[in-house]
């Protein structure tokens, strides 16, 4: 039977967070959103499609999608069956297609065809919760309103003992308290990069982890 990893006793999260950020920045100096996009609308649509789907798969789907539907108006007026078929491979395609179309209809009727730039307005769009809104605000508009909490951020935040919460909104609040607002946008990208490249969910590579000495779950 494999030996169960024991958690190290380390300083409080607030004491460890500055070095965690520093070391992750050093490891991933060019950190960015890995969803391909050329404007706010494309990023919004790609983020909706990324729910329970890999960015790589979304990036395979979106070139043809954005060529066929180059504007919010085009998505709003799309044949829903055709739209569903184009996003089918991302999973939950009926819900995603419906959300994209309804969100774009509101963008057209309420916001002049332009993706809004505030959290409150983005949250009025179908299929948009805080995660998606934070992606659009932070990545495209450069507005740090919060921290994106996806599956990687949630998992690593718990492994690093940055939070004891399981609810994404509560995790986001804890991360915002621990991190300067100037780091909110990068923090999620850094944790996502690290989760994909080193701290894999099935087999974390603790031996190659630049922050293993700051992680109570490290097996090194």
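Details
- For segment 159-175, a residue qualifies if it is assigned to a helix (DSSP H, G or I) and over 24 Å from residue 198 (Cβ atoms), and the qualifying residues are 169, 170, 173.
- Failed criterion for residue 138 (all others in (1) touching a helix residue (DSSP H, G or I) at 6+ places or on another chain (Cβ under 8 Å); (2) surrounded by fewer than 20 Cβ atoms within 10 Å (Cβ to Cβ) hold): (2)
- Test: residue 82 is more than 23 Å from the chain's Cα centre (by Cα), part of a helix (DSSP H, G or I), more than 19 Å from residue 150 (Cα to Cα) and touching a residue at least 24 places away in the same chain (Cβ under 8 Å): no
- Residues of segment 19-48 satisfying the condition of being surrounded by 19 or more Cβ atoms within 10 Å (Cβ to Cβ) and assigned to a helix (DSSP H, G or I): 20, 24, 40, 41, 42, 43, 44, 45, 46, 47, 48
- Only residues that are in contact (Cβ under 8 Å) with a residue 24 or more places away in the chain and in contact with a helix residue (DSSP H, G or I) (Cβ under 6 Å, 6 or more places away or on another chain) were counted in segment 109-121, giving 3.
- Entry remark, segment 126-135: residues being in contact with a helix residue (DSSP H, G or I) (Cβ under 8 Å, 6 or more places away or on another chain) and without any contact (Cβ under 8 Å) to a residue 24 or more places away in the chain number 1 in total.
Taken together, the values in this text are just the output of simple stated rules run on the coordinates, not laboratory data. Everything numeric here is computed off the predicted structure, so don't read it as measured data. Don't worry about glycine lacking a Cβ; one is built from the backbone with ideal geometry, like all the others, and counts go over all protein chains shown.
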